[in-house]
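Read the structure below first, then the notes.
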Amino acid sequence: MSASYEKRLLRVLDYIHANPTGDLSLDNLAEVAAMSRFHWHRVFHAMTGETCAEVVRRMRLHRAACWLVQTDWPVADVAAKVGYPSPQSFSRTFKAAFGLSPVSYRARGDLTAAQIMKSKGDFAMFDVKIENRAALTLAGMAHKGPYLEIGSKFEQVAAVATSRNLWPSTRGMAGVYYDDPNAVAQADLRSHAGLILAEGVAVPDGLEQITTHGGKTAILTYKGPYSGLKAAYDYLYGSWLPQSGQEPAEAACYEVYLNDPSQVPEDELLTEINLPLVA
């Protein structure tokens with residue numbers, strides 16, 4: 001892990017610990033880390049094995065446990081000091097984590113320290129190259145929901161391309177993915193499925209224009225079923241990026257599909273993950 005990424009990680013952990021009732025939203029923690037909001041949470045999760053929300057909850061509860069044992073503050077005051085809107089919600093969450101209600105935990109008087117960071121485990125290894133990529137113009141459709149269900153939008157885009165004889169004007173298919181599935185509810189994930197248009201080709205009626213990041217890009221080519229892409233993303237963000245000396249740009253990742261799932265077996269599928277970088 002590079003010193004820069006380690007310092008960012010520790011800075012965010014210190015901030016969470018020092019501000020249990022503060023703004024601990026993903027966007028604010030990305031500002032604390034001084035990293036693109038598109039990529040910060042993926043880096044954090046891949047490096048620590050936890051989501052930001054899990055760490056926030058764990059640190060708040062650990063601080064609450066300390067105060068329950070070391071002070072005589074009312075439970076309602078402890079709940080408020082660690083950012084819970086009501087004693088009831090605090091008590092439910094505390095009991096789920098510690099196996100005891102706050103009152104019973106205080107009566108026991110035994111402070112059990114919380115684990116500071118989980119082990120991230122080992123990463124599968126992938127080759128990553130850095131290239132200057134031209135921005136791609138996509139003609140696509142928006143998808144909201146689980147990323148693995150975006151296939152229906154790709155089928156619709158392909159149907160439009162076939163009915164209008166657009167394939168000679170395209171250079172394949174790509175998907176743009178705006179949210180981290182570890183941080184955003186599956187139903188709220190945002191993405192686009194699109195055709196890569198040849199230079200100078202206008203976006204057809206009924207399809208939306210999307211332009212990808214142009215410039216310095218880290219490229220990981222993954223071979224296998226789409227359901228296995230998570231391992232590639234975990235390696236890219238949790239191992240390669242922190243050791244690369246590179247900085248992610250303020251732009252979403254996108255995938256370019258190098259072959260057709262209707263024509264090759266799943267284990268032969270080739271997917272190019274493109275991570276925009278600061279020049």
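Which numbered condition in (1) more than 28 Å from residue 9 (Cβ to Cβ); (2) free of Cβ contacts under 8 Å to residues at least 12 places away in the same chain is the only one that residue 228 fails?
(1) is the only condition that residue 228 fails.
What tally of residues in region 29-55 results from selecting those that are open to solvent by 10 Å² or more (accessible area, probe 1.4 Å), in a helix (DSSP H, G or I), within 30 Å of residue 103 (Cβ to Cβ) and in contact (Cβ under 8 Å) with a residue 40 or more places away in the chain?
1
Based on what the data block shows, is residue 76 farther than 21 Å from residue 15 by Cα, open to solvent by 40 Å² or more (accessible area, probe 1.4 Å), at pLDDT below 90 and assigned to a helix (DSSP H, G or I)?
no
Only one of (1) crowded, with 16+ Cβ neighbours inside 10 Å; (2) hydrophobic (A, V, I, L, M, F, W, C); (3) out of contact with any Leu (no Cβ under 8 Å at 6 or more places or on another chain) is not met by residue 184, so which one is it?
Residue 184 satisfies all of (1) crowded, with 16+ Cβ neighbours inside 10 Å; (2) hydrophobic (A, V, I, L, M, F, W, C); (3) out of contact with any Leu (no Cβ under 8 Å at 6 or more places or on another chain) except (1).
Exactly one condition in (1) surrounded by fewer than 17 Cβ atoms within 10 Å (Cβ to Cβ); (2) touching a residue at least 60 places away in the same chain (Cβ under 8 Å); (3) not hydroxyl-bearing (Ser, Thr, Tyr) is false for residue 18; which is it?
Every condition holds for residue 18 apart from (2).
State yes or no: is residue 85 over 30 Å from residue 229 (Cβ atoms) and touching a residue at least 60 places away in the same chain (Cβ under 8 Å)?
Working: over 30 Å from residue 229 (Cβ atoms): yes; touching a residue at least 60 places away in the same chain (Cβ under 8 Å): no.
In short, no.
If I ask for residues that are open to solvent by 50 Å² or more (accessible area, probe 1.4 Å) and in a loop (DSSP other than H, G, I, E, B), which ones from region 155-180 would you list?
Of everything in region 155-180, those that are open to solvent by 50 Å² or more (accessible area, probe 1.4 Å) and in a loop (DSSP other than H, G, I, E, B) turn out to be 164, 165, 178.
This table checks each residue for (1) without any contact (Cβ under 8 Å) to a residue 40 or more places away in the chain; (2) under 24 Å from residue 51 (Cα atoms); (3) touching a Lys or Arg at 6+ places or on another chain (Cβ under 9 Å).
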| position | (1), (2), (3) |
| --- | --- |
| 125 | no, yes, no |
| 130 | no, no, yes |
| 138 | no, no, no |
| 141 | no, no, yes |
| 154 | yes, no, no |
| 162 | yes, no, no |
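Tally up the residues in region 95-125 that are open to solvent by less than 60 Å² (accessible area, probe 1.4 Å), modelled with pLDDT under 85 and hydrophobic (A, V, I, L, M, F, W, C), please.
Selection size over region 95-125: 3.
What about residue 272, is it touching a Leu at 6+ places or on another chain (Cβ under 7 Å), at pLDDT 95 or above, surrounded by 15 or more Cβ atoms within 10 Å (Cβ to Cβ) and not in a helix (DSSP H, G or I)?
yes
I'd like to verify a number: residues in region 202-242 that are of a type in the set (S, T, N, Q), over 22 Å from residue 133 (Cα atoms) and open to solvent by 40 Å² or more (accessible area, probe 1.4 Å), how many?
Final tally of qualifying residues: 1.
Identify, please: which residue in region 129-154 is surrounded by fewer than 19 Cβ atoms within 10 Å (Cβ to Cβ) and touching a Phe, Trp or Tyr at 6+ places or on another chain (Cβ under 9 Å) and is, among those, farthest from residue 193 (Cα to Cα)?
Within region 129-154, the match that is farthest from residue 193 (Cα to Cα) is 148.
The values are calculated or read from the model by the stated rules, or taken from the named source; none is laboratory data. In this text the structure is predicted, and so the values were computed from the model without any measurement. Cβ atoms come from the backbone with ideal geometry, glycine included; neighbour counts cover every protein chain shown. When the accessible area is computed, the model is the full protein with side chains, heavy atoms only, and any ligands, DNA or RNA have been set aside. Shrake-Rupley method; radii C 1.70, N 1.55, O 1.52, S 1.80 Å.
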